[in-house]
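Read through the structure below, which is laid out as structure tokens, and then see the notes.
What follows draws every value from the coordinates through simple rules; no lab data is involved. Given the structure is predicted, the values throughout are model-derived calculations rather than measurements. Cβ: placed from backbone, ideal geometry, glycine included. Neighbour counts: every protein chain shown.
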């Protein structure tokens, strides 16, 4: 699902999500300084979270790998993703989940997304309910902008 907002340079994405069934991933394809990368939460049977395809390496073999399940069916989780020109950080319920800093040329999206200035949300073999999706610009040129409440 493509979110209906053009993403500014630096931004924060706040999501409240609950897994209703399954044990696989919730994914966010994120614009990062003209590149894209996918953040997977509870991939590979709910065992791993991280950024997919850094230097061609999947989450099980790159530096963003986070082991352990995040979601339990029916429990809402608050996820905050902060994206800056060379940095991606994800926090779940106030606890660090994924952190990456580096050259954006190392990032590769896993699925073709037609617009590299949009956020895409998806899931694999699971059903999630998102009750809040809020996008807040962090770029200096967008300092006066209000958050976009998307769900």
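Observations
- Net length gained if the chain between residue 76 and residue 132 were fully extended (0.36 nm per residue, minus Cα distance): 19.1 nm
- Shape class of the range 1-81 from the Cα gyration tensor (axes a ≥ b ≥ c, square roots of the eigenvalues): oblate, since a/c reaches 1.5 or more and a/b does not exceed b/c.
- Label-zone membership for the range 1-16, site residue 139, 7 angstrom Cα→C-beta point, backbone N under 11 Å: 6-11
- Listed candidates [x] 1.24; [y] 0.95; [z] 0.93 - label of the one calculated as Rg/Rh (Cα atoms, Kirkwood Rh): [z]
- Take every Cα pair under 8 Å whose residues are at least 6 apart in sequence, average their separation, divide by the length of the chain, and the relative contact order is 37 percent.
- Full-stretch length increase - residue 44, residue 124 - with 0.36 nm per residue and alpha-carbon distance subtracted: 27.8 nm
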